[in-house]
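The values are calculated or read from the model by the stated rules, or taken from the named source; none is laboratory data. Here the structure is a predicted model, which means the values were calculated and not measured. Cβ atoms come from the backbone with ideal geometry, glycine included; neighbour counts cover every protein chain shown. The accessibility values were calculated without ligands, DNA or RNA, using every heavy atom of the protein model including side chains. Shrake-Rupley method; radii C 1.70, N 1.55, O 1.52, S 1.80 Å.
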Amino acid sequence: QTKYSKLIFRKSDMVPEELHQTVQESFLTLREHNCLFQDLVRIKGKDFLTPVSRILIGNPGCTYKYLNTRLFTVPWPTEGYDIKYCSPQIHDACKALMRLNDYLHIEAVKALQGQNLFETKEIKDTTVIDREQSFATSLMEQGCVSKDQSSVCVPDGDRSLKNRTSYNLTLLNYMDPLQMLYLKQEPYFGMGNMAVSWHHDENLVDRSAVAVYSYSCEDSAVEESNEQELKGRDPAVWHVGLKVAWDIETPGLAIPLHQGDIYLMLDDLNMTHQHCVLAGLSPRFSSTHRVADSSRGTLEYILGRCELALQNLQTDSDSMALSLKSLEAAVVKQVEEIHNEVEFEWLRQFWFQGKRYLKCTDWWLKPMAKLEEFWRKMEIMTSLVLSELRKEQQIEEQRNETISCFLLLLKERQRLRKEWTAR
């Protein structure tokens, strides 16, 4: 109640049955269509293949970066966007996850409102689960099933709650522990096999809530194990583990997860605590809904950056020759920084992962073609800077300043190109 009060747990019977059915079908559909992929991530300069298979589904043009790998959303069917899916089944799966996203958004808002209410009244003698049950009204009972989260009715005083729970994507995870060669042991509390080690979720809006829907493909062996008298956690059942960050004196928490259970990490819990996933025996899906920090991670953002860079490029109306408007150090530096950003944070990140997104949709191909076109123009701009710097008529001090910042960015580009080629 004190150390883990911002963790909210909901058993599956608190979630509408029809939502369970469509969401669980969507998991199986994505697995059948081979839409779940292991990621190659970079940790301390070395590449590792994740044991968990994943797919990112969310708002069109959104991305999510973790461990130096950028994932690109398979867009869920959003009004106003032309999204073509490879099959009707994949469309339906993405739609089901969007419905789950709306449901979890409303539940997270109510959970935060509930916590604020009880904190104000200073009620201490109630458990987290008990105090949340009065806020467990289902989405259907609300009478406003939204097309997207923007139409969810939230009082003006709760705007910040809405912003911190308006999930823009879900990172869908799948893991079959029997397919793994090695599972690391939880090192501090003897919790057993870990599917995912202790960590904080990265790249999220500050103090935003994380919502997780868990679906383990339980069979009779797991059910029998549940009936046995066991000390500690049942190793056949999946659990989420929680601990206070950088603290192994405070006891850790392990909560069993069954088909359709949900948990919410509210407010700053993701930063003050670490969590892990403790493996059961059966395969498991989880849909982890997040408010990803999109300040530098959307298609709209990077297109805007490219257009800013290209403002320094001009075309002669007669000869059609290209030239630069300015050679000022600050302008050249900004253009070359954007040049590096579009190449290494977007184009190489996208194509490095191959054509795997085409198993779901071709939505990203046109934006990537546009970014490549902008990148080619920036390559020309780099050449134009070089040719201008070779000319002698420039003021030496200004020329040296431009060369200094220009060379730093070219060296960084060369280093990153070598690193990406080696990968």
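Of note:
- Qualifying positions in the range 312-339 - surrounded by fewer than 17 Cβ atoms within 10 Å (Cβ to Cβ), acidic (Asp, Glu) and touching a helix residue (DSSP H, G or I) at 6+ places or on another chain (Cβ under 7 Å): Glu337
- Test for Tyr188: is it in the same structural domain as Lys110 (by the TED database), in a strand (DSSP E or B), open to solvent by 10 Å² or more (accessible area, probe 1.4 Å) and modelled with pLDDT of 95 or more: no
- Only a single item in (1) over 17 Å from Ser287 (Cβ atoms); (2) assigned to a loop (DSSP other than H, G, I, E, B) is not met by Lys65, and it is number (2).
- Filtered by the rule that a residue be at pLDDT below 85, among the hydrophobic types (A, V, I, L, M, F, W, C) and either touching a Leu at 6+ places or on another chain (Cβ under 9 Å) or open to solvent by less than 60 Å² (accessible area, probe 1.4 Å) (or both), the range 133-185 gives Phe135, Ala136, Leu139, Met140, Cys144, Val145, Val152, Val154, Leu161, Met180.
- Selected residue (only one of Arg376, Arg290 is surrounded by 18 or more Cβ atoms within 10 Å (Cβ to Cβ) and of a type outside the set (S, T, N, Q)): Arg290
- For Ile262, the stated conditions hold: it is modelled with pLDDT of 95 or more and in the same structural domain as Cys62 (by the TED database).
- Looking only at residues of the range 376-405 that are under 38 Å from the mean Cα position of the chain (by Cα) and either in a loop (DSSP other than H, G, I, E, B) or not hydrophobic (A, V, I, L, M, F, W, C) (or both), we find that the one that is farthest from Leu303 (Cα to Cα) is Ser404.
- Residue count for the range 1-53, restricted to those that are over 27 Å from Gln349 (Cβ atoms), part of a loop (DSSP other than H, G, I, E, B) and open to solvent by less than 90 Å² (accessible area, probe 1.4 Å): 5
- Residue check, Leu67 of a type in the set (A, V, I, L, M) and open to solvent by 20 Å² or more (accessible area, probe 1.4 Å): yes
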